[in-house]
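The values are calculated or read from the model by the stated rules, or taken from the named source; none is laboratory data. No experiment lies behind these values; they were computed from the predicted model shown. Note: ideal-geometry Cβ built from the backbone for every residue, glycine included; neighbour counts use all protein chains shown.
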Amino acid sequence: MLRIAICDDDKCCREMIKEALLRFTNKRDIEIKTDEYPEGSKLISSAIKYDLIIMDYMFEDEDEDGIEYSRRIREYSETVPIVFCSSYSEAVFKTFEVNAFRFLKKPINYEEFGEMMDAFVKRIQMKEYLIVKSDKEWIPIRLDDIVYLEAKGKRTAFYIKGQKDMVECFGVMASYEDKLPGDRFFRCQKSFIVNLDYISSYTFSDITLNNSTAIRLGRGKYVEFLTLYEKHIFN
């Protein structure tokens with residue numbers, strides 16, 4: 001699930017943005033949760049980690065504008081995508097100061113909004129997320145939350161941190177291996193890929209994860225594993 005913040009002091013604008021998000025997600029089968037903030041100060045004080053922030057440029061009843069609030073966001077998150085929405089076209093140049101992801105002109109154009117969201121989804125696929133297809137829907141999975149993958153014939157099972165049940169998806173494991181960062185994930189044998197962050201111990205023949213799952217190392221894999229793992233934990 002993607003968590004999205006909508007920060008705008010105009011209720012009508014917030015409703016238009018929610019409608020644009022609904023149109024996009026209905027076409028892509030992506031699950032999202034939105035939170036509304038009529039005041040930028042309330043967004044800044046929130047402890048929620050958002051995947052995307054859609055920010056107004058001007059707040060009529062507040063001393064700070066969207067640029068100032070975004071500067072404060074950048075103090076604790078340099079990478080969260082911030083999309084500005086404004087009727088002031090000249091504001092686009094100010095958004096460069098806070099490394100904005102996109103600038104959209106008000107009133108919201110649904111086609112332009114959809115193009116922005118397509119770019120956002122492509123970005124998270126390349127960086128922090130892997131978007132996979134289950135039997136019912138497309139699911140974004142944080143790379144940090146993947147404990148390990150297991151081959152299930154022509155499908156692949158994802159074991160996710162904090163979830164009791166696996167997520168079984170279409171596609172052989174090799175198709176996902178190419179999308180995972182090679183410095184964090186290791187294919188320890190034909191049927192398993194493990195996230196190095198979840199390893200609690202290892203021997204010449206086995207890897208044990210911190211959920212007590214034990215996975216055998218493939219023949220001749222120990223030296224390759226040890227080299228990668230030591231580089232991972234000491235860098």
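Where residues in segment 208-235 are surrounded by 11 or more Cβ atoms within 10 Å (Cβ to Cβ) and among the basic types (K, R), which of them is nearest to Y148 (Cα to Cα)?
Of everything passing the filter in segment 208-235, R216 is nearest to Y148 (Cα to Cα).
So, I108, is that one assigned to a loop (DSSP other than H, G, I, E, B) and touching a residue at least 24 places away in the same chain (Cβ under 8 Å) or not? If you could, list the steps in order and put the result at the bottom.
Numbers: assigned to a loop (DSSP other than H, G, I, E, B): yes; touching a residue at least 24 places away in the same chain (Cβ under 8 Å): yes.
Against the criterion (assigned to a loop (DSSP other than H, G, I, E, B) and touching a residue at least 24 places away in the same chain (Cβ under 8 Å)), I108 qualifies.
Out of everything in segment 162-207 that is assigned to a strand (DSSP E or B), surrounded by 11 or more Cβ atoms within 10 Å (Cβ to Cβ) and polar (S, T, N, Q), what residue ends up being nearest to the chain's Cα centre (by Cα)?
Filtering segment 162-207 down to residues assigned to a strand (DSSP E or B) leaves 167-170, 185-189, 192-195, 199-202, 206-207.
With surrounded by 11 or more Cβ atoms within 10 Å (Cβ to Cβ) added as a condition, the list becomes 167-170, 185-189, 192-195, 199-200, 202, 206-207.
Those left that are additionally polar (S, T, N, Q): 189, 195, 200.
Details: Q189: 27, N195: 17, S200: 25 Å.
Selected residue: N195.
If you check L149 against the conditions, is it within 29 Å of Y222 (Cα to Cα), in the same structural domain as L209 (by TED's automatic domain parsing) and part of a loop (DSSP other than H, G, I, E, B)? Step through it out loud before you land on a result.
Numbers: within 29 Å of Y222 (Cα to Cα): yes; in the same structural domain as L209 (by TED's automatic domain parsing): yes; part of a loop (DSSP other than H, G, I, E, B): no.
For L149, the condition - within 29 Å of Y222 (Cα to Cα), in the same structural domain as L209 (by TED's automatic domain parsing) and part of a loop (DSSP other than H, G, I, E, B) - is not met.
Please tell me if A157 is free of Cβ contacts under 8 Å to residues at least 24 places away in the same chain, assigned to a strand (DSSP E or B), in the same structural domain as Y222 (by TED's automatic domain parsing) and among the hydrophobic types (A, V, I, L, M, F, W, C). Give the derivation first.
On the way: free of Cβ contacts under 8 Å to residues at least 24 places away in the same chain: yes; assigned to a strand (DSSP E or B): yes; in the same structural domain as Y222 (by TED's automatic domain parsing): yes; among the hydrophobic types (A, V, I, L, M, F, W, C): yes.
Yes.
Kindly provide the set of residues from segment 42-71 that are within 17 Å of I17 (Cβ to Cβ) and without any contact (Cβ under 8 Å) to a residue 60 or more places away in the chain, ordered by number.
Step one: filter segment 42-71 for residues within 17 Å of I17 (Cβ to Cβ), giving 42-43, 50-59, 66, 69-70.
Within segment 42-71, K42, L43, Y50, I53, I54, M55, D56, Y57, M58, F59, G66, S70 qualify.
For R142, only one of the following conditions fails: (1) farther than 30 Å from I67 by Cα; (2) surrounded by fewer than 16 Cβ atoms within 10 Å (Cβ to Cβ); (3) in contact with a Phe, Trp or Tyr (Cβ under 8 Å, 6 or more places away or on another chain). What is its number?
The number of the failed condition is (1).
Run down D29, D63 and say which single residue is exposed (fewer than 15 other Cβ atoms within 10 Å of the Cβ), at pLDDT below 90 and farther than 25 Å from D145 by Cα.
Numbers: D29 fails: farther than 25 Å from D145 by Cα.
Among D29, D63, only D63 is exposed (fewer than 15 other Cβ atoms within 10 Å of the Cβ), at pLDDT below 90 and farther than 25 Å from D145 by Cα.
Step by step: first the residues of segment 208-235, then only those that are part of a strand (DSSP E or B) and of a type outside the set (A, V, I, L, M, F, W, C), then the one that is farthest from the chain's Cα centre (by Cα). Which residue is that?
R216
Scanning segment 50-68 for residues that are of a type outside the set (V, I, T) and touching a Cys at 6+ places or on another chain (Cβ under 9 Å), which turns out nearest to R142 (Cα to Cα)? Lay out the reasoning, then the answer.
Of all residues in segment 50-68, those of a type outside the set (V, I, T) come to 50-52, 55-66, 68.
Adding the requirement that they be touching a Cys at 6+ places or on another chain (Cβ under 9 Å) leaves 55-57, 59, 66.
Values: M55: 23, D56: 27, Y57: 29, F59: 33, G66: 28 Å.
The qualifying residue nearest to R142 (Cα to Cα) is M55.
Test M173 against the stated conditions and say whether it is within 24 Å of V80 (Cα to Cα) and modelled with pLDDT of 90 or more.
On the way: within 24 Å of V80 (Cα to Cα): no; modelled with pLDDT of 90 or more: yes.
Against the criterion (within 24 Å of V80 (Cα to Cα) and modelled with pLDDT of 90 or more), M173 does not qualify.
Search segment 164-181 for residues that are in contact (Cβ under 8 Å) with a residue 40 or more places away in the chain and pair each with any residue that is surrounded by 12 or more Cβ atoms within 10 Å (Cβ to Cβ) and assigned to a loop (DSSP other than H, G, I, E, B) when their beta-carbon atoms are under 7 Å apart and the residues are at least 6 apart or on different chains.
Pairs found: none.
Look at segment 85-120 and say how many of its residues are over 17 Å from K18 (Cβ atoms), touching a Leu at 6+ places or on another chain (Cβ under 9 Å) and hydrophobic (A, V, I, L, M, F, W, C).
1
Would you call V132 under 16 Å from the mean Cα position of the chain (by Cα) and either over 21 Å from G218 (Cβ atoms) or not assigned by TED's automatic domain parsing to the domain that holds F204 (or both)?
Values: under 16 Å from the mean Cα position of the chain (by Cα): yes; either over 21 Å from G218 (Cβ atoms) or not assigned by TED's automatic domain parsing to the domain that holds F204 (or both): yes.
So V132 fits the description; yes.
For segment 68-103, what are the residues that are among the β-branched types (V, I, T), part of a helix (DSSP H, G or I), touching a strand residue (DSSP E or B) at 6+ places or on another chain (Cβ under 6 Å) and surrounded by 20 or more Cβ atoms within 10 Å (Cβ to Cβ)?
To start, the set of residues in segment 68-103 that are among the β-branched types (V, I, T) comprises 73, 79-80, 82-83, 92, 95, 98.
Next, from what is left, pick out any that are part of a helix (DSSP H, G or I): 73, 92, 95, 98.
With touching a strand residue (DSSP E or B) at 6+ places or on another chain (Cβ under 6 Å) added as a condition, the list becomes 92, 95.
Residue satisfying the conditions is T95 alone.
Looking at I108, I32, can you tell me which residue is of a type in the set (V, I, T) and within 29 Å of K161 (Cβ to Cβ)? Walk me through how you get there before you give the answer.
On the way: I108 fails: within 29 Å of K161 (Cβ to Cβ).
After ruling out the rest, the residue left standing is I32.
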